[in-house]
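Let me begin by presenting the structure, written as structure tokens, before commenting on it.
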Amino acid sequence: MNSRPPSPASEPGPGPAGSGTAPPEPGAPVGRRLVLAMLGLGAVGVAAAPVLQKGLENGLGAVADKDPTGLTGLLPNGGGFRYYSVVSSVARKSPADYGLKVDGLVERPATYTLDALKALPQTRIVRDVQCVTGWRVPETPFEGVRLSALLDAAGVSPGAKAVRFTCFDGAYSESLTLEQARRDDVLVALRMRDEPLAHAHGGPVRLYVAPMYFYKSAKWLSGITVTDSVRPGYWEELGYDVDAWVGRSNGRDDAPTV
Ligand SMILES: Nc1nc2c(c(=O)[nH]1)N[C@H]1C(S)=C(S)[C@@H](COP(=O)(O)O)O[C@H]1N2
Ligand SMILES: [Mo]
């Protein structure tokens, strides 16, 4: 079982590591977190469910766009997923608008269109998804291009040690060591649950890091930058573990996903 107290319902992402009362770091979206604290996640999720269900049928993304931080909670059609975003809305990217930039310490920087990513060999992985706040979704297929393939194509320069991920929501970021990034179960995912990645789940392209807590799987992925050291991501600046192995980090002992 989790040895830590459950995170407060107000927390949009993983929930504070360690203490539920730690003040947000500078630059954190303080205002929104306070608003969420007043709303109360659970009550809103339940009360809003029928309305949201209706919205879902009209398109999942439309609902999630109006939901700043995963307040939709456990949606009837969500298959157990909660929808998270650290910003209040994320502009949709059509396939024509989308680009994934690979740069930093590489010999051949590149920008991939969605079609270019689709044209590369695809890998499908089916594992449980585990969020650091405790929810778990069993056996979820993700499919896409191995991150290692994009790194190989870019030609990682000597001395490179890590990879930084940025997102077109303009706020979220993540990181992996180069060794982690080269694992076979780390994907630049184009599909989830055997469908194109919905906007609400970070479509058209998100990162998928199978062995780690789901906060590592950056949604709305737009940048992959090879760096000389690990730069902690959004939640990691707020105290979460950078090496976020499921069951072996963040003071948790969940069953590993890999
Ligand atoms: N860009 C971005 N990626 C993100 C997040 C986010 O807020 N913004 N939240 C993370 C967290 S804490 C989780 S649990 C998962 C949620 O993915 P889902 O919304 O598809 O369920 O996305 C991760 N990736
Ligand atoms: Mo999470």
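The values are calculated or read from the model by the stated rules, or taken from the named source; none is laboratory data. These numbers were taken from a predicted model, which means no experiment stands behind them. Here the Cβ is made from the backbone with ideal geometry for all residues, glycine too, and neighbour counts use every protein chain on show.
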### Query
Which of the residues spanning the range 163-189 are within 27 Å of SER88 (Cβ to Cβ) and either at pLDDT below 95 or more than 14 Å from ligand 1 (Cβ to nearest atom) (or both)?
none
### Message
I'd like to know if the range 196-206 contains one or more residues that are more than 25 Å from LEU120 (Cβ to Cβ), surrounded by fewer than 19 Cβ atoms within 10 Å (Cβ to Cβ) and at pLDDT 95 or above.
### Response
no
### Task
Among residues belonging to the range 109-140 that are touching a residue at least 24 places away in the same chain (Cβ under 8 Å) and of a type in the set (Gly, Ala, Ser), point out the one that is farthest from ligand 2 (Cβ to nearest atom).
ALA110
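Checking the conditions here, which among ASP152, ASP97, ASP115 is farther than 15 Å from ALA210 by Cβ, part of a loop (DSSP other than H, G, I, E, B) and among the acidic types (Asp, Glu)?
On the way: ASP152 fails: part of a loop (DSSP other than H, G, I, E, B); ASP115 fails: part of a loop (DSSP other than H, G, I, E, B).
The conditions single out ASP97.
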### Message
Restricting to the range 164-196, and then to whatever is assigned to a loop (DSSP other than H, G, I, E, B) and farther than 24 Å from PRO256 by Cβ, can you tell me which residue is nearest to ligand 2 (Cβ to nearest atom)?
### Response
TYR172
